[in-house]
There are 2 protein chains.
Amino acid sequence: MLNQKGTTNLFEIIAETNRRNIIDLLRTRPRSVGELVERSQLSQPGVSKHLRILREAGLVTISKDSQKHIYHLRAEPLVEIDNWLEPYRRFWSNKLDALEQFLDEEE
Amino acid sequence: MLNQKGTTNLFEIIAETNRRNIIDLLRTRPRSVGELVERSQLSQPGVSKHLRILREAGLVTISKDSQKHIYHLRAEPLVEIDNWLEPYRRFWSNKLDALEQFLDEEE
DNA sequence: AGGTTATATTACCATACGGTTATATAATGT
DNA sequence: ACATTATATAACCGTATGGTAATATAACCT
């Protein structure tokens, strides 16, 4: 999770299946920890552990409804993944016309 | 690397920094193992180990130039990452007009 | 206050991962 | 055939990861 410099790597964070599941669940709507536990294969501490990692990565935020902690998706950091992917899209995209391909290859 | 079903998870494969480096290096052009070793912080066996993983994931192919093994990028599998990312783009993209946003939210 | 509900943290464990050194394999050249 | 070059595999190791059970913390309710 942490590299030598002590910085988190977003790629590793989304590499974990259960974490992607949580992210996907929160895309529908904000949910309490309990809801996430119900919809996962994990124990409550297991879910809480992943939520902590997601929180520290800035991928979720918390609001509170009495005892319940409601987790909200904050997808913005994922733009980092999107940016990395950018130069690879032309390898599979068939939507690019010849001119666009040409311009891409000029860089 | 392998989940319960014995299938590889592409997200985990690209989570590793050295592997992303290799992929990025191969985007420029096909390269021999030796070239990749020069341009990485890894030993030759270290590079070969990652190349095996990339090969088994279908992200690289090999051609041979006498003793040299030339690795070529095959980016197509990355479309899986791109697809996962798809529904999250609207969270940071400011290119979407109001109608498009509305349609997205209808689903 | 005492009990219940909801979540977070701690302590622990088994396993997987990434790295290295040493060795095997294979093609080239003399 | 033998040495050299290039790469792959094997064996091994320390550490990080993800999971759980047990416990702590906190808010609610009567």
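All of the numbers you see were taken from the coordinates with simple rules; none came from a lab. Note that this is a predicted model, so its numbers are computed, not measured. Cβ: placed from backbone, ideal geometry, glycine included. Neighbour counts: every protein chain shown.
Using Cα pairs closer than 8 Å and at least 6 residues apart in sequence, work out the relative contact order for region B:30-82, in percent. Write out the running numbers ahead of the final one.
Details: 52 pairs, mean separation 19.3, N = 53.
Answer for region B:30-82 is 36 percent.
Once the Cα gyration tensor of region B:8-90 is found, what semi-axes does its equivalent ellipsoid get, as square roots of 5 times the eigenvalues, in whole Å, sorted largest first? Don't jump to the answer; show the numbers that get you there.
Numbers: eigenvalues 121, 34, 24 Å².
The answer is 25, 13, 11 Å, longest axis first.
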The set of residues whose placed amide H lies less than 5 Å from the amide H of A:I70, leaving out same-chain residues fewer than 5 positions away, is A:S63, A:K64, A:D65
Label points for A:G34 built 7 Å along Cα→Cβ; distances to same position in the other copies, nm, shortest first, come to 6.5
Taking the axis of the rotation relating chain A to chain B, the A residue whose Cβ comes closest, together with that distance in whole Å, is A:A15, 2
